[in-house]
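Read through the structure below, which is laid out as structure tokens, and then see the notes.
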Amino acid sequence: MEANSRMTGLHESRVQRQKSSLFRQSLKRLMKNKLAVAGFGVVVCMFVLCFIGPFFSPYTDNKINMTLMNKAPNLQHLLGTDALGRDILTRVMQAGRISLTVGLASMLLSVFIGALLGAIAGYYRGIADQVIMRIADLLMTIPSLPLLFIFGALLSEWKVRADYRMYIVMLMLSIVNWPGLARMVRGQMLSLREREFMQAAVVLGLRDSRKLFHHLLPNVVPLLIVMATLNIGGAILSESVLSFFGLGVMPPTPTWGNMIDAANNMIDFQDHPWLWIPPGLSIFATVIAINIFGDGLRDVLDPKQKR
Amino acid sequence: MSTYLTKRLLYMLVILFAASLLIFCLYASTPGDFITGNIKLTAERKAELREIYGLNKPMLERYGIWMNNAFHGDFGYSLAQQKPVLQLFNDYIWNSFLLAAVSTFLTWVIAVIVGVISAYKQYSWFDTLVMVAIFAAMSLPSFFIGLFLIKILAVDLKWLPPGGMITTGSNATGLAYLKEVVRHMALPVVVMTLLGLGSLTRYFRSNMIDVLKQDYIRTARAKGLKERKVLFTHALRNALLPAITLVGFELPALFGGSLIIEQIFNWPGIGQLYMKSFGLRDYPLLMGFTMFIAILTVIGTLLSDILYRVADPRVRL
Amino acid sequence: MRKSTLVLSTLLITGSMLLAACSDNNNSNTATGNTPTSATADSGGTAGTEATASPAPVSAGALSEPFTATDLTKLPAVAQNRTDTIIVGLTDPSGAFTPYFQESGYDGNVSSLLYASLVTVDDKGVPTPELAESWDVSDDQLTYTFHLRKDLKFSDGSPLTADDVAFTWTIQYDKAYDGGSSLPSLNVKGGKAYKEGTAKTVEGIKVIDPQTISVTLEKPNATALVTLGSNVLSKAYYGKDYKFGQLDYIKKLHEHPLGDGPYKLEKFLPGQEVRLTANENYFKGKPKTEHFIYKTSEGDVWQFLETGEVDYASFSASEENIEKLKALGFVNIIPYTPSTYGYMQVNLKHEQLKDKEVRQAIMYGLDRQSIYVDAQQGAGAIANIPASPISWAYTEEGINPYKYDPEKAKQLLDAAGWTVGANGIREKGGKPLSIHYLGSKSKNTDIFIAVAKENFEALGIEFQPEVFADFNSLVSKVEGGDYDLVSFSTSMLTDPADGFMQFFDGEITDYDNPKFLELYNKALATTDIEQRKAVYKELYQLFNDELPILFTSYKKTVYAYNGRIQNLTVSPFIGLAGSLPEWTLK
């Protein structure tokens, strides 16, 4: 967040000072929530590890070495090696870059689209509401499996490079998946509209945009944060689904999802735990941490709690 | 209300019609058709078969034929399974429904109880523990939990069977049959409940926290009501009310089947069948099933909108 | 939101199913007890081939000899308690148990136990009598006469006669027949007229007496004997409601089959089990074990074998799997090499692969040992010719093994005019050398891509892999012609001629070599095995040098089964069905 808002200079207006103190207050409250801070710490660590870690690894070239196949963790390979003798630690870190990026990006996009359309439908009602919600109804009936395959076929037809395909597919999925969130936001808006404070806002004759952005949306933010954090784990997992259908990242490039998927049978599961524990733990830790942090953030930002 | 309902029902029909067209076109334009996969057939035979199945007709004409038959209650024969689509539904959907119904019920009961308690004791060690546990359950890939439980409970300890719905070759009937099915469904139900628990518990917890901060709760407490009464009569009812809108959304999930769970636990459900049919481009089955789910989705949406109004009378529909 | 996440994650594990249904490309232990499907079983067998020449013994991966259970007391109680029932896993029988009308090979596994054939094949792929006592082939190779055994009965006790055989053949020429049988492509005389409705019967099919039937073809076909000599449908049962152009009624009979095989259907539980009981009217006598169950089990069957829920399962022959199986103590293990081979189809229309030298360079430059043998822990072997190592025609004489040799590959590419350009990618006439590869999504494809990427980079070839989660998408991409290489595996090969099938059924159309056609026909023109062997050797040498397809690998499998089962053998061509009636539980 903007660091300059902490400096309260003489030249700054009263409003800004108010904002800053609000921010400070929130930050203070957030800092008090030890669990949330810990969660944030884990997320930061994950990012640092994944984006900087590989620079310190001697195995970044992902050379195949059949003599090192499926070796348990040892001093050379701290987390062992996979079925092609590649270092798992390095691959987990490289995988994290893609998984984290994809998870965040697709979450942001779908939350943005969902919230925007839901808010418009819930606030303006009438025609806009009808159109948006009927489209949402329609989209919710559509199975995603054939959609994925058609996307795949189209991208393949257009000769989009396999490496970029997954990002496009991810975007398309976010675009298709907004109805659930939009409905929820709309529902909240409908019920908020009828609250006393909104009636007050109407009586005061506030502008639409002010009502929407200053009074209604802040009340929806906690919900959005919950949804967003819930969503990020799903996005990280769905990345592996895409890879699985050949729409994701091409095989030698690792992602957490496709690494875990490599141990998707009883034999590997029993005998080579180092194949699935590191990526599994990474997803696990990241998603837990994001969720806990999101939960803390929700508590802090919830306007109802500021009484 | 009744004009609203008629309007909504009309909308529903329009949406279902649009959905059927859209879904039909989607399936039809997925690369490859039912014949493509059989690479052993000569080109002439492929053409002959496409003629027999009507796959060589233009997409819209095929849609018209399908729609016409569907109106007459004929959902066609599955190409791959060589059986009427409706019979296949009957063979598989109830198995999926059994799993989904039991686990949904468990999920709701547990989520309400845990959510309420942890909201009441917000920030206590219990609350923290519950939240971490919930997030943990949500952060694991489902195949992982499935394999893990199979390994521990079925393979190592041999307490429960590793998969299937009945013991292979069993002729049990009545109570013995029931017992067998319950034993077999224990593991998949546990996994499905675990997977669904997270978001719902969180939902109830935050609802309850909101409610507990309301003025009327303070008033109730100030009146000197017993804490238990405050909690269960005043707070709980108000916290649960918004959740009934979710009921509608559970509807399609109850019949849709869960692919991963069904596969890992070898459960004879519709989810697996759908996936296989997709791989084979078995259009009649795909269309039938998808439309069935679409109808449930639309009904579920309507249901949740109506329940919403019931739950929160301030909302104008 | 919740919905989208759920829907997506439900897709996670599904790909294996998509693949298991259609492609044999993955060595993973999916399909179990997989006898040849009806579609693959009826291709093969040249007229009147005489049995000779035993196949070279092939060891499967780390297991060269059958392994006998060491400690039967470890057998789980569930399996211990079964006294007259054997359970085998089967991926997905759908319930269409009528031969010729089924779409899934798994249904074929079931119907191969419900129906016997006129002619079957032995362990070497040579046709042997079953329901037909003997057969004659006319000198012009056009007329086949089958002599049925006496007193044959369907499982309900009704007699099986030549009329039933004639009915079975005839309905496959009905214009409404939509099954995958290859009989219609045999061109039985008068078949076309019947299909068009201009003839009341198929002219070429003649019932001579209740035990004798003959059929005349329009042109000779090497696969005719086995195709014609398949299962027999009861005319009284399946033909009761038959009218020309109307076959829909048969669908209602799918779940109530009436056959003549070792077992009959007791009960079909969709998605769960196919329960069979011994048929007392089976012409070889009632099978020794009363009950046989195919248990539907998708994907990983390890836990079912380990807990005694199934008696039999197949695994890829990796060292690790074999060690694990041996450690169980209660299973017998037999090594098995399927009679298939893996290959990459080459797009010969594309400029860069038109040159034989480039194709050879790829063979030299690809580390096939790493991909197909080492990474599989020995559960595979390298292929260099279009024949399985268990075939009687298999040879390594005069065959170039294309040992991994990147230097040689570079020389070949240089010689073909592809020189290294500015960015390290080879070019010819300004065009970069780039290979667009298609594969089915599987663990093995992942391995291939990882290694091939390294290999091709070292050669200066740009490598663009693309993977497909389901077979239909892959095939339609191939049909569109937008590829350079694509991985496939053949289905079960019975006769050496089957190894060239893809050049005749429309899969590969742009390989035009008169020498190939001449040799291919020469090999089919004779029934003398030594002569045929010599011709095939020449043909294999030609293919090994020309490389119209790039040969990749052979699979190696092991079968593990409950140590109490006696007399179990697995035929490379008909799977379990041959020995099943003899199985007993100790």
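The values are calculated or read from the model by the stated rules, or taken from the named source; none is laboratory data. Remember, it's a predicted structure, so these values are computed and weren't measured experimentally. Here the Cβ is made from the backbone with ideal geometry for all residues, glycine too, and neighbour counts use every protein chain on show. Ligands, DNA and RNA are excluded from the accessible area calculation, which covers all protein heavy atoms including side chains. Shrake-Rupley method; radii C 1.70, N 1.55, O 1.52, S 1.80 Å.
Rounded to the nearest 20 debye, the dipole magnitude of segment C:310-409 is 260 debye, with +1 charges on Lys and Arg beta carbons, -1 on Asp and Glu beta carbons, and the Cα centre as origin.
Between the helical axis of C:406-415 and the longest alpha-carbon principal axis of chain C there is an angle of about 70 degrees. Bridgeable lysines around residue C:284 (alpha carbons under 25 Å apart, same-chain partners fewer than 8 residues away excluded): C:124, C:150, C:153, C:235, C:264, C:267, C:586.
Calculate how large, on average over all directions, the projected area of the Cα convex hull of segment C:259-343 is; give the answer in nm² to one decimal.
Details: hull surface 32.9 nm².
Mean shadow area of the hull around the Cα atoms is 8.2 nm².
Based on alpha carbons, the Rg and Dmax found for segment A:93-307 are 20.3, 69 Å.
Whole-percent P(r), chain C, all Cα pairs, 20 Å bins from 0: 19, 51, 27, 2. The angle separating the long axis of helix B:43-53 from the principal Cα axis of greatest extent in chain B is about 60 degrees.
Provide Rg over Rh for segment C:149-267; use the alpha carbon set for both Rg and the Kirkwood Rh (inverse mean inverse pair distance). Over the Cα atoms of segment C:149-267, Rg/Rh equals 0.95. Between A and C, buried accessible area from a 1.4 angstrom probe totals roughly 3800 Å², ignoring ligands, DNA and RNA. Scalar couplings 3J(HN,Hα) for segment C:319-334, obtained by applying the Karplus form with A = 6.51, B = -1.76, C = 1.60 to θ = phi - 60°, are 3, 5, 4, 5, 4, 4, 5, 4, 5, 4, x, 9, 10, 8, 10, 10 Hz; x denotes Gly and Pro.
Leaving ligands, DNA and RNA out of it, rank B:310, A:203, C:110 by accessible area with a 1.4 Å probe, largest first. Write out the running numbers ahead of the final one.
Numbers: B:310 100, A:203 125, C:110 0 Å².
Largest accessible area first, the list is A:203, B:310, C:110.
Its Cα centre serving as origin, segment A:93-307 has a Cβ charge dipole (Lys and Arg +1, Asp and Glu -1) of approximately 940 debye.
Distance between the modelled labels on residue B:237 and residue B:216, one decimal in nanometres: 0.8 nm (7 Å Cα→Cβ projection). Computed log10 I(q)/I(0) for the protein assembly as shown at 0.05, 0.06, 0.08 Å⁻¹: -0.38, -0.54, -0.95, from the Debye equation with unit scatterers placed on every C-alpha and solvent omitted.
May I ask for log10 I(q)/I(0) of chain B at q = 0.16 Å⁻¹, from a Debye sum over the Cα atoms as equal point scatterers with solvent left out? Each listed q maps to, in turn, -1.31. Multiplying each eigenvalue of the alpha-carbon gyration tensor of segment A:154-218 by 5 and taking the square root yields semi-axes of 42, 12, 7 Å, largest first, rounded to whole angstroms.
Run the numbers on chain C and let me know its relative contact order in percent, using alpha-carbon pairs under 8 Å that are six or more apart. Let's see the in-between values first.
On the way: 1228 pairs, mean separation 136.7, N = 586.
Reported relative contact order: 23 percent.
Taking B:120, B:53, B:77 as the candidate residues, the one with maximal mean-square fluctuation in a Gaussian network model of chain B, Cα springs under 10 Å, is B:53. When segment A:93-307 is described by a simple charge dipole with +1 on each Lys and Arg Cβ and -1 on each Asp and Glu Cβ, the residue from A:175, A:96, A:114 located farthest towards its positive end is A:114.
Compared with the dominant principal axis of the Cα atoms in chain A, helix A:14-32 is inclined by about 40°. For segment C:263-305, a Kirkwood radius taken over Cα pairs fed into Stokes-Einstein (25 °C, viscosity 0.890 mPa s) yields D = 210 µm²/s.
For segment C:376-515, what is the Kirkwood estimate of the hydrodynamic radius, computed as the reciprocal of the mean inverse distance between distinct Cα atoms, to one decimal in Å? Present the calculation step by step, with values, prior to reporting the outcome.
Working: mean 1/r = 0.0567 Å⁻¹.
Evaluated over segment C:376-515, this radius sits at 17.6 Å.
What is the Cα radius of gyration of segment A:51-182 over 2.2 N^0.38 Å, N being its residue count?
Working: Rg = 21.2 Å, N = 132, 2.2 N^0.38 = 14.1 Å.
Scaled against compact globular proteins, the figure is 1.51.
Segment A:242-300 and segment C:81-159 have Cα centres lying 48 Å from one another. Across segment C:74-80, rounded Karplus estimates of 3J(HN,Hα) from the backbone phi angles (6.51 cos²θ - 1.76 cosθ + 1.60, θ = phi - 60°) give 6, 4, x, 4, 4, 6, 4 Hz, Gly and Pro being marked x.
Starting with the highest mean, order B:226-233, B:154-161, A:137-144, A:256-263 by the number of other Cβ atoms within 10 Å, averaged over the residues of each peptide. Walk me through the numbers before you get to the answer.
On the way: B:226-233: 13.1, B:154-161: 15.9, A:137-144: 20.6, A:256-263: 24.6.
Order by mean packing, descending: A:256-263, A:137-144, B:154-161, B:226-233.
Using equal-weight Cα scatterers in the Debye expression, the normalised intensity of segment C:415-481 in log10 at q = 0.12, 0.22, 0.23, 0.25 Å⁻¹ is -0.39, -0.91, -0.94, -1.00.
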